[in-house]
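Notes for the one structure printed next.
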Amino acid sequence: MSQRSVVHSTFVIERSYPAAPAKVFSAFSNPDAKRRWFVDPHDPMPSRHEMDFRVGGKEVNAGCPSDGQMHFFNAVYQDIVQDQRIVYSYELLFGETRVSVSLATIEFVAESGGTRLVMTEQGAFLDGHDTSATREHGTGELLDGLGAFLHAQA
């Protein structure tokens, strides 16, 4: 049996967007909107995206980036406060290998001229398949994609 390990880590990413909290929240809660920005910038065509945005609802996002292996984001919504907060737990798989399990909290804070988004992720990174730094970088890219989407909508 191969050596097993787990690394626990927490990171926080903040972004400011020149859009009202309701508009930014909608980019997360509307399946058609989320499908347009919640993608790997190197593989912008997910092969599967399903979303049931409600407490207890699930989201699946699957795609095959340049490494040739399907990646699966499988989430369950744990808490939703309209235009203020989303909390979900999720697993990330590379093929059939679970690489992490995380709890993500997204807060939408009204500020002058728009919204300050605060995303906190608490992760368990399994068996050295992924790292917190890599995940933080990728999540930052996703949130930058959200910014571009919101800009295009304005």
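Using the alpha-carbon atoms, what tilt in degrees (0 to 90, nearest 10) does helix 132-153 show relative to the longest principal axis of the chain?
30
Net charge near THR105: determine it from the other residues with C-beta under 9 Å of the C-beta of THR105, scoring Lys and Arg +1 and Asp and Glu -1.
Numbers: positive: ARG85; negative: ASP79, GLU107, GLU121.
Residues close to THR105 contribute a combined charge of -2.
Counting Lys and Arg as +1 and Asp and Glu as -1, what is the net charge of the other residues whose Cβ lies under 15 Å from the Cβ of MET51? Don't skip to the answer; put the middle values down first.
On the way: positive: LYS34, ARG35, ARG36, ARG48, ARG54, LYS58; negative: ASP32, GLU50, ASP52, GLU59.
Here the charged neighbours net out to +2.
Given contacts defined as C-alpha pairs under 8 Å and at least six residues apart, what's the relative contact order of the range 6-153, whole-number percent? Write out the running numbers ahead of the final one.
On the way: 311 pairs, mean separation 43.3, N = 148.
Worked out over the range 6-153, it gives 29 percent.
Find how much the distance from HIS151 to VAL101 grows on full extension, using 0.36 nm per residue of separation minus their present alpha carbon separation; answer in nm with one decimal. Mind dumping the intermediate values first?
Details: separation 50, 0.36 × 50 = 18.00 nm, distance 3.13 nm.
Here the segment from HIS151 to VAL101 would lengthen by 14.9 nm.
For GLY95, enumerate residues with amide H under 5 Å from its amide H, sequence gap 5+ or separate chain, H modeled in the peptide plane.
The answer is MET70, HIS71, PHE72.
Only the coordinates and a few stated rules stand behind these numbers; no lab work does. Being a predicted model, the structure only gives us computed values, none of them experimental. For neighbour counting, all protein chains shown are included, and Cβ atoms are generated from backbone atoms with ideal geometry for every residue, glycine included.
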